[in-house]
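Participant: Have a look at this one.
The values are calculated or read from the model by the stated rules, or taken from the named source; none is laboratory data. Because the structure is a prediction, the values reported are computed rather than measured. Here the Cβ positions follow ideal geometry from the backbone for every residue, glycine too, while neighbour counts run over all protein chains shown. The protein model used for the area step is the full one, side chains on, heavy atoms only, and it has no ligands, DNA or RNA in it. Shrake-Rupley method; radii C 1.70, N 1.55, O 1.52, S 1.80 Å.
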Amino acid sequence: MNNKPLISILVPCYNVEAYLRQCMDSIIRQTYTNLEIICLDDGSTDRTPEILKEYEKKDSRTRVISKPNSGYGATMNIGLKAASGKYIGIVESDDYIEPKMYEILCDAAEKDNLDIVRCRFIERNVIKSKDKVNTFSYVKDNGRVFRPTDVPSSFTMKPSIWAGMYNREFLERNGIRFLETPGASYQDTAFAFKALATAQRVRMLPDVLHNYRINEASSVSSPGKVFCVCDEEAEIRRYVNSLGRYEELKGIMALRAFGSYKWNYNRLGPMKLKRAFMKRWSEEARQMFADGAITRKNFSRNRIFRLRIIAYCPCLYHFIKKV
């Protein structure tokens, strides 16, 4: 009888036939074997469903859930509901993982009774044919158990929800789920914030265990995706208010939103989309100043200056360099 804790790995899939086999092979070959692999097909129209069925027949730990297309958030929430493991792992279907990833993560989680354990990862940029190793160097408690709300810089990390593992009971106890907006645009943002805001015991491991594939250009030209990140920030505020912790976390939320909105602005393509987004950012920045959320506790003088430009003279922002 296997006395090791079960890990439920969620694999969201949508038209990923080019990468799916590499992803699935990397999961079924894990040195940690007490896994359930829940593949969530979000209405794929290519050969993804056929490939998933192959793996379901080949490995008894694999289960396929097929559904009409409804977007990343709704798909992941179905996976969370279906999971039965002590821990939840997430592997995007166009990524792949190192053989010992879940052995290393589970050892750390069990040893230190962790809510969240994260590893480093490699960004494999298919567009630029360039690889980059992610680092946690700006998180002071790198390698040690810490509470994220005691280390505000931990909220400025990329969400990267797949580069780690979560205690399932912790997620359920805190009502941590994905925002069910259409498509697949930034739904990891609010999920990551909710998890960090409620976690008591987190560790960042130095091991590089996940391979994150960037296979599309970062510039956004679709008007429908301009404000997706705003939906996530609104969900963060809703969740924090539901906990009655707005005053406690308003500064951290503002810090998180600054990084998120800056990144979104920079990747927007046409200037008309940048202007439309800046109008929304400006409104929210003014509200943050009114709420007392932007202070020297979490922001440098330089960032406060730039946020004042965004709030009160947004037309000048585009001309400010090195934001």
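Participant: Subtract the Cα-Cα distance of Glu180 and Arg29 from 0.36 nm times their separation in residues, and report this length gain in nm to one decimal.
Facilitator: The Glu180-Arg29 span can extend by a further 51.2 nm.
Participant: A further question on this structure: If you take every DSSP beta bridge whose two residues both sit in segment 1-150, what share of them, in percent to the nearest 5, is antiparallel?
Facilitator: 20 percent
Participant: R0 = 45 Å: FRET efficiency of Lys225 with Gln200, Cβ-based, nearest 0.05?
Facilitator: 0.85
Participant: With everything on Cα atoms, drop me the angle between helix 188-198 and the longest principal axis of the chain, reported from 0 to 90° to the nearest 10.
Facilitator: The answer is roughly 90 degrees.
Participant: Using a 1.4 angstrom probe with every protein chain in place, what is the largest-first accessible-area order of Tyr317, Tyr312, Tyr96?
Facilitator: Per-residue accessible area, sorted high to low, gives Tyr312, Tyr96, Tyr317.
Participant: Here's another thing I want to ask about it. What FRET efficiency comes out for the pair Val126/Ile65, r = Cβ-Cβ distance, R0 = 25 Å, nearest 0.05?
Facilitator: 0.35
Participant: Right, here's the next one. Against the longest principal axis of the chain, how steep is helix 246-267, in degrees 0 to 90 to the nearest 10, with axes from Cα atoms?
Facilitator: So the inclination is approximately 90 degrees.
Participant: Okay, next question. Taking only Cα atoms and a 10 Å spring cutoff, compute GNM fluctuations for the chain and point out the largest among Asn302, Asn134, Asn15.
Facilitator: Asn302
Participant: Rolling a 1.4 Å sphere over the protein heavy atoms, what is the accessible area per residue of segment 172-323, to the nearest Å²?
Facilitator: On a per-residue basis, 49 Å².
Participant: Extending each Cα 7 Å along its Cβ direction at Asp150 and Glu247, get the distance between those two points in nm, one decimal.
Facilitator: About 2.3 nm separates the two model spin labels.
Participant: Sticking with this one: Determine, from the Cβ-Cβ distance of Tyr312 and Val133 and an R0 of 45 Å, the FRET efficiency 1/(1 + (r/R0)^6), rounded to the nearest 0.05.
Facilitator: Working from the Cβ atoms, E equals 0.70.
Participant: Here is a follow-up. Give me the accessible area of Arg168, 1.4 Å probe, in Å² rounded to the nearest 10.
Facilitator: 60 Å²
Participant: Note the full-extension length gain between Ala290 and Glu110 as 0.36 nm times their separation in residues minus their Cα-Cα distance, in nm to one decimal.
Facilitator: So the chain would gain 60.4 nm between Ala290 and Glu110.
Participant: Hey, rough spin-label estimate for Ala234 and Arg21, points 7 angstrom out along Cα→Cβ, what's it come to in nanometres?
Facilitator: That separation, rounded to one decimal, is 4.4 nm.
Participant: How many Lys pairs in segment 185-306 lie less than 30 angstrom apart by Cα atoms, where the lysines are 8 or more positions apart or on different chains?
Facilitator: Total qualifying Lys-Lys pairs in segment 185-306 comes to 21.
Participant: Which of Glu92, Glu172, Glu232 moves the most in a Gaussian network model of the chain with Cα springs under 10 Å?
Facilitator: Largest GNM mean-square fluctuation: Glu172.
Participant: Related question: Give me the percent of DSSP beta bridges within the chain that run antiparallel, rounded to the nearest 5.
Facilitator: 30 percent
Participant: Still on this structure, I have one more. Quick check on segment 9-117: what are the equivalent-ellipsoid semi-axes from the Cα gyration tensor, as sqrt(5λ), descending, whole Å?
Facilitator: Each semi-axis is √(5λ); the values are 24, 16, 11 Å.
Participant: Also, I was wondering about something else. I'd like the chymotrypsin sites (Phe, Trp or Tyr not before Pro) in segment 185-282 restricted to DSSP loop residues with at most 12 other Cβ atoms within 10 Å, sorted by number.
Facilitator: Of the chymotrypsin sites (Phe, Trp or Tyr not before Pro), not one in the loops of segment 185-282 has a Cβ with at most 12 other Cβ atoms within 10 Å.
Participant: Next question, about the same structure. Cα axis of helix 72-82 to longest principal axis of the chain: angle in degrees, 0 to 90, nearest 10?
Facilitator: Approximately 40 degrees, to the nearest 10.
Participant: Further, regarding this structure: Along the charge dipole of segment 5-48, which of Ile28, Ser8, Gly43 sits closest to the positive end, that is, farthest toward it, with unit charges on the beta carbon of Lys, Arg, Asp and Glu (+1, +1, -1, -1)?
Facilitator: Ile28
Participant: Ignoring any ligand, DNA or RNA, what whole percent of the accessible area of segment 43-161 comes from carbon and sulfur when the probe is 1.4 angstrom?
Facilitator: 49 percent
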